[in-house]
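For reference, the structure discussed in these notes is given below.
Any read-out appearing in this document is the output of simple, stated calculations on the displayed coordinates, not a laboratory observation. On a predicted model such as this, the values are computed, not experimentally measured, just so you know. No Cβ is skipped: glycine too gets one built from the backbone with ideal geometry, and neighbour counts run over all protein chains shown.
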Ligand SMILES: Nc1nc2c(c(=O)[nH]1)N[C@H]1C(S)=C(S)[C@@H](COP(=O)(O)O)O[C@H]1N2
Ligand SMILES: [Mo]
């Protein structure tokens with residue numbers, strides 16, 4: 001399948017798949033088959049059928065998007081079914097069990113919503129959700145998301161590069177880091193009564209990581225508005241880093257001169273570092289990071305699949321870390 005990647009196939013969007021689109025795609029694939037790309041093409045075909053089955057679930061308002069042209073943004077891997085993406089979650093503000101967010105996040109009120117942008121920027125301000133939704137054209141991108149716990153998913157996110165927002169707020173020469181502060185509302189988030197983490201949940205990136213075109217502000221998935229449990233109304237998605245770097249339900253974006261601490265670093269500094277790049281060669285102190293289990297596909301007893309360097313995005317992001325000792329900067 002990897003050999004077939006990026007050969008110019010039109011990727012259907014979850015939001016626009018019709019039986020006709022599927023039919024036409026089959027025709028294209030049959031032509032490819034005739035041209036001799038047999039095995040991979042069949043795999044591709046199966047993946048597309050799975051994708052078609054996952055077409056817009058119709059539960060939340062649609063969020064129109066065009067397919068992304070960002071390099072690496074559209075993996076050909078099979079999408080994780082919507083039901084799994086929205087029922088197996090980490091969102092500790094709503095509880096620590098994987099089923100808790102779907103069960104409890106109904107209390108999150110994703111509208112009205114504002115995101116404060118401040119710190120080392122020439123144009124700080126409060127961005128209303130409606131303004132953010134119109135800030136740049138929406139794109140669909142299917143990214144692998146790998147949790148530090150050893151499971152992964154492939155999700156068709158809807159949003160745009162965080163760089164679109166960063167360019168508009170004009171960071172000053174002092175801005176070297178971008179911090180993401182997420183909602184901490186005791187009245188609506190039962191998990192805040194627990195002391196597993198310091199609230200609010202905070203995450204951060206180096207400015208060049210934040211500016212990378214793959215770093216995404218997501219407002220939707222599967223062609224629809226984000227379900228609360230996935231971080232409505234706006235969350236980060238950084239596909240080459242462990243899932244916890246992708247903060248949900250963001251309320252503030254701060255531009256900083258010095259590297260800030262992140263929630264997981266503060267909670268367990270010996271286990272979680274600032275970078276948290278997916279790296280099969282650097283084990284978590286309590287378990288290996290060399291393999292993973294794909295949610296919705298790999299059963300508990302299935303052979304685990306290998307984890308890829310930078311979660312498979314090495315060609316796109318590897319140069320960000322040139323010369324760095326990734327065992328030290330984990
Ligand atoms: N605010 C907030 N964001 C968060 C988390 C959280 O607990 N709170 N969990 C993180 C972790 S550990 C993962 S793996 C991903 C999971 O995203 P998903 O539920 O959409 O798959 O969200 C991340 N973002
Ligand atoms: Mo995670």
Residue 319-residue 286 pseudo-label distance in nm [points 7 Å out on the Cα-to-Cβ vector]: 3.9
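Work out how much length residue 187 to residue 266 would gain on full extension: take 0.36 nm times their residue separation and subtract the Cα-Cα distance, in nm to one decimal.
Numbers: separation 79, 0.36 × 79 = 28.44 nm, distance 2.42 nm.
Here the answer is 26.0 nm.
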Whole-number percent relative contact order across the range 86-237, with pairs defined as alpha carbons under 8 Å at least 6 apart: 27
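Classify the range 97-244: rounded, prolate or oblate, from the alpha-carbon gyration tensor (a ≥ b ≥ c, eigenvalue square roots; a/c under 1.5 rounded; otherwise prolate if a/b is larger than b/c)? Let's see the in-between values first.
Details: a/c = 1.43, a/b = 1.29, b/c = 1.11.
Verdict is rounded for the range 97-244.
Beta carbons within 10 angstrom, averaged per residue: use that to sort the peptides 72-82, 150-160, highest first.
Working: 72-82: 21.3, 150-160: 23.6.
Packing proxy ranking, top to bottom: 150-160, 72-82.
For residue 122 and residue 59, compute 0.36 nm times the residue count separating them, minus their Cα-Cα distance, and round to one decimal in nm.
Working: separation 63, 0.36 × 63 = 22.68 nm, distance 3.96 nm.
Fully extending the segment from residue 122 to residue 59 adds 18.7 nm.
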Ranking of 122, 248 by count of other Cβ atoms within 10 Å, fewest first: 122, 248
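Mind running the shape call on the range 159-259? Use the C-alpha gyration tensor, a ≥ b ≥ c as the square roots of the eigenvalues: rounded below 1.5 for a/c, prolate if a/b tops b/c, oblate otherwise. Before the final figure, lay out each step's value.
Values: a/c = 2.00, a/b = 1.29, b/c = 1.55.
Oblate.
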The range 67-132 shape via C-alpha gyration tensor axes, a/c threshold 1.5: oblate
Length-normalised contact order for the range 159-261 - Cα pairs under 8 Å, 6+ apart - percent: 38
